[in-house]
Amino acid sequence: MATESPTPGNSTAWLRTTGDLAWRLLGILAALAAVFYVVGLVRLVFVAVFLAFMLTAVLMPLGNLYDRAMPRGLATLASLLTAIVVVGGLGTYVVTSIVGRWDDLVDELGSGIEELVPLVQGLPFAEQLGDPQDWLSNGGDWVQENSDTLMGSALASAGSVTEGVTAVVLAVFCTVFFLSTGGAMWGWFLGQLPAAGRERWRTAGSAGWATFSGYTRGISFVALTDAVLAGIFLTIVGVPLALPLSVVVFMAAFVPMVGPVAAIVISSVVALAADGPGTALIVAIGMVAIAQIDANVLQPLITGKQVSLHPVVMALVVTTGTVLFGLLGAVVAVPLSAVTWAAFSALRRAARKQQEPEPDPEPADLLV
């Protein structure tokens, strides 16, 4: 009995399928690279629009509350003024507090480092590190001598003041229109699209905005809770600059994974400078406990439903965003990934619903 020889079409089908998939993957990668390149060119605009979306998500409930007692325009203005007064007041207090105590903190940090010498000398590997008295004392002297340079470098690394002011002004300008006429703007955008794909854009946009606004409000509440807990704890321990440090904790909560670690280090350094190693250790333990409450209780309960991403995926996207765009990438990586996944999931559900066959009519329906 003769065996059937494989036809050329059957033998090369897998190669054709693999090639098509490879070209699609290359096209996706090229599109992503183009998006990253364009974002890098207009980073200021991207930051302003992203900040405007965050402000819109946070201020929309407040604007709706004001809208009950005044026209929509005045409600939008009142919500913006409320945010400006709160943020501006806290920022002014933090800056003046740090600048007013900077020299004292530097001197106290030198004393705190000297107090670490007896503790380091008792470590098993102290001999391999050299004389702790020398390198710890030299470190304290170097910090005191270069305090002005360190503060100037920190301010310079925060970015250009002009660019920052421009981004904030543009963000506030966009927020005004997003709050007042955001629905009309979205409707106009959908009207410019082809009718065949309009419903898909509406589905993806609605799912993405629901996820982004829910995440922004949730992470804002989590950050506020962390700041309150940190402020109460630092005040009880007696650490100076407790309120400015709580503001630092609030801001750090918006940077996944990296932010809480930075807040712990900064708080511990201030405690070391003010009250020595013992207080610094207590502060470090307490701040770690607050970070654990954040990661294991608050985040899953409040933002877990909005960010349907595995912790491994979150770690990868945060690392990738940090490598590509630094601190900005770390901040926007998780919400943008969550929005993308939410839009994709909504479109997939809609496509499956369209493909499902309609159920057969019931006998009672046939008689109607």
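Since every read-out is calculated from the coordinates, none of them should be taken as a lab result. No experiment lies behind these values; they were computed from the predicted model shown. Virtual Cβ from ideal backbone geometry, glycine too; neighbours counted across all protein chains shown.
A few points about this structure:
- Judged by the ratio a/c of the largest to the smallest principal axis of the C-alpha gyration tensor, the range 211-365 counts as prolate, that ratio being 1.5 or greater while a/b is larger than b/c.
- Treating r as the C-beta distance of Val165 and Leu21 and R0 as 51 Å, the FRET efficiency rounds to 0.60.
- Each of Met60, Met185 has some number of other Cβ atoms within 10 Å of its Cβ, and from fewest to most they run Met185, Met60.
- Ranked Leu298, Leu65, criterion: other C-beta atoms within 10 Å, fewest first: Leu65, Leu298
- Sites Trp186 and Leu243, calculated FRET efficiency, Cβ-Cβ separation with R0 41 Å, nearest 0.05: 0.55
- Whole-angstrom gap from the range 233-258 to the range 61-85, using each part's C-alpha centre: 29
- Approximate spin-label separation Val323-Leu336, in nm, with each point projected 7 Å along Cα-to-Cβ: 1.5
- Additional length obtainable on full extension of the chain from Ile84 to Gln292, 0.36 nm per residue less Cα span: 71.8 nm
- Inter-probe distance in nm under a simple model that places probes 7 Å from Cα toward Cβ, at Phe173 and Ala33: 3.4
- Three-way shape label, the range 166-213, alpha-carbon gyration tensor, a/c 1.5: prolate
- Between His310 and Met251, the FRET efficiency estimated from the beta carbon spacing at R0 = 25 angstrom works out to 0.45.
- Inter-site label distance for Val45 and Ala196 at 7 Å from Cα along Cβ, in nm: 2.9
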